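Colleague: I have a structure I would like to understand better, so I am pasting it below and will then ask my questions one at a time.
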Amino acid sequence: MNSATAPASGKLTAATSGFVLAAAVTVLFNTALAWAKDAYAPLNGLMQSLTGHHWTTHGLADLVLFAGLGFILTNTRMAQRIDPNRLIGALIGAVAAAALGLALWFAFV
Amino acid sequence: MAISTSDIILLAHAGFGVTGCLAAVWVFVEALNAQPANARRMRTAALVTALSMAGAWICGGYWYVHFYPLEKTLILRGPWPFAHNLFMETKEHLFFITAILAFLLPVAAREKVYANAAARKLVLSVAALIAITGLAVEGAGAVIEHGAKVALLRGGSIGAQQ
């Protein structure tokens, strides 16, 4: 698409908006869970006991949250009420904060 | 030549990861030039991204759970313990972010990217984030493997001196 002919704005479908917001929440949850299980050994042990390895449980929790929240937000159309640019900004911010949060945690804590 | 199952799984993990990153760059380029004519190709590339990252997850996860503990012990006893304490710990969790973004990409690519500026911006952003975080994960993998290598080399040199 040539930017000169592109529409100035546009709306995202309920499914896209819902899953974008779900992704932003999930990446933040992912980092928070990594911090929590690293800081609190019983949680790590519980996650280990559920699937045999804490990392497997962690990944499944992320997947369930992303898919579940995505479907809920799609059906309720909640995320579609948010301006698409703010939604995209929230996703980029969430990914940057979550990635930096992981690196700093394991570097200094 | 002795190539073990562990080697194949590990290399498949890295191969799937690189393929996912390249496919994300492919989506980025298609979105930059979004037209009705390349919409289907962009959706295919987005699907390749998601499937590749799923493959990287399955292979990497299997290897991490079944084969990494031995390498972890080696790294922690070697001169580069940070290869595990910082790089592996960050990588194993950062990968989930890359994978979630990869699963989001086919959903975003279903939009009419050629006619919707917001959808185009979203696809460009998600594809770029996948490529950036994916390359960071790949780089961390290289540091981890070097951590194991220097541990083995040091162990070998100590053994040679004795």
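The values are calculated or read from the model by the stated rules, or taken from the named source; none is laboratory data. Quick caveat, the model's predicted, so the values are computed rather than measured. FYI the Cβ positions are ideal-geometry reconstructions off the backbone, even for glycines, and counts take in every protein chain you see.
Yes or no, residue by residue, for (1) among the charged types (D, E, K, R); (2) under 24 Å from B:LEU153 (Cβ atoms); (3) touching a residue at least 40 places away in the same chain (Cβ under 8 Å):
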position: B:ALA2; (1), (2), (3): no, yes, no
position: B:ALA24; (1), (2), (3): no, no, yes
position: B:VAL29; (1), (2), (3): no, no, no
position: B:ALA37; (1), (2), (3): no, no, no
position: B:TYR64; (1), (2), (3): no, yes, no
position: B:PHE67; (1), (2), (3): no, yes, yes
position: B:LYS72; (1), (2), (3): yes, yes, no
position: B:LEU86; (1), (2), (3): no, yes, no
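Colleague: Show me the helices (runs of 4 or more DSSP H) found entirely inside the range B:1-96 where at least 3 residues are among the β-branched types (Val, Ile, Thr).
Modeller: Answer list for the range B:1-96: B:5-32, B:39-66.
Colleague: So which of A:VAL64, A:VAL27 ends up being at pLDDT 95 or above, surrounded by 18 or more Cβ atoms within 10 Å (Cβ to Cβ) and either under 14 Å from the mean Cα position of the chain (by Cα) or over 21 Å from B:ALA117 (Cβ atoms) (or both)?
Modeller: The match here is A:VAL27.
Colleague: For the range B:44-53, give me the residue count where each residue is surrounded by fewer than 19 Cβ atoms within 10 Å (Cβ to Cβ) and in contact with a helix residue (DSSP H, G or I) (Cβ under 7 Å, 6 or more places away or on another chain).
Modeller: Residues flagged as surrounded by fewer than 19 Cβ atoms within 10 Å (Cβ to Cβ) and in contact with a helix residue (DSSP H, G or I) (Cβ under 7 Å, 6 or more places away or on another chain) within the range B:44-53 amount to 1.
Colleague: What do you reckon, is B:ALA24 within 17 Å of the chain's Cα centre (by Cα), crowded, with 17+ Cβ neighbours inside 10 Å and closer than 17 Å to B:LEU135 by Cα?
Modeller: So B:ALA24 passes the test.
Colleague: Looking only at helices (runs of 4 or more DSSP H) that fall completely inside the range A:17-109, which ones have 3 or more residues that are within 24 Å of B:LEU129 (Cα to Cα) and within 9 Å of another protein chain (Cβ to nearest Cβ)?
Modeller: Result: A:54-76, A:84-108.
Residue-wise test of (1) in a helix (DSSP H, G or I); (2) at the interface with chain A (Cβ under 9 Å from one of its Cβ atoms); (3) more than 22 Å from A:PHE66 (Cβ to Cβ).
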| position | (1), (2), (3) |
| --- | --- |
| B:ALA108 | yes, yes, no |
| B:ILE130 | yes, no, no |
| B:VAL137 | yes, no, no |
| B:ALA140 | yes, no, yes |
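Colleague: Out of everything in the range B:132-154 that is within 9 Å of the chain's Cα centre (by Cα) and under 18 Å from A:VAL27 (Cβ atoms), what residue ends up being surrounded by the fewest Cβ atoms within 10 Å (Cβ to Cβ)?
Modeller: B:LEU135
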